[in-house]
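FYI, it's all coordinate maths here, none of it is from the lab. Note that the structure is predicted; figures quoted are calculated from it, not measured. Please note: Cβ atoms are built from the backbone with ideal geometry, for glycine as well, and neighbour counts cover all protein chains shown.
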Amino acid sequence: MDQGKQTGYDIFIQKTFRLKMWLLRLDVFWVKLGGADPVAMIKELKGRVSQLHLKDLKKKSNYPKFRKSVPPDTFDEIGDGIINMDPDYENCSKNRRSPLPC
């Protein structure tokens, strides 16, 4: 990856990937809000995701611009928003590190 296009997340994952004891709790709301696919990220992090933090993103939300806060009404009840939780949970179950729950 071009170093000029790396995010802080990319660098963190690269530097810690060999440290198998470091596990992550993936927050699907923030992954989706950041423009990434939670399912793809779970697959990419196979064996490193120990937990999912589930919250939904309200339909027709205005995504925040850089350095803007997220309004409280951006969050929604699980199942009422735009994030399909079934594939997230299914992929986490397949790619988790036993015996830790996702």
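Tabulated results
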| item | result |
| --- | --- |
| Förster-model FRET efficiency, 25 Å R0, ASN84 and PHE17, C-beta, rounded to 0.05 | 0.35 |
| Subset of LYS15/LYS59; LYS5/LYS46; LYS15/LYS55 violating a 31 Å alpha-carbon distance limit | LYS15/LYS59 |
| Candidate aspartates and glutamates for bridging to LYS43, where Cα separation is under 12 Å - those fewer than 8 sequence places away on the same chain excluded | ASP88, GLU90 |
| Distant-in-sequence amide H partners of ASP27 (H built 1.01 Å from N, under 5 Å) | HIS53 |
| Nonlocal amide H pairs with ASP76, under 5 Å, H built at 1.01 Å | ASP56, LEU57, LYS58 |
| LEU54 paired with GLN6, simple spin-label distance in nm, labels 7 Å along Cα-to-beta-carbon | 3.5 |
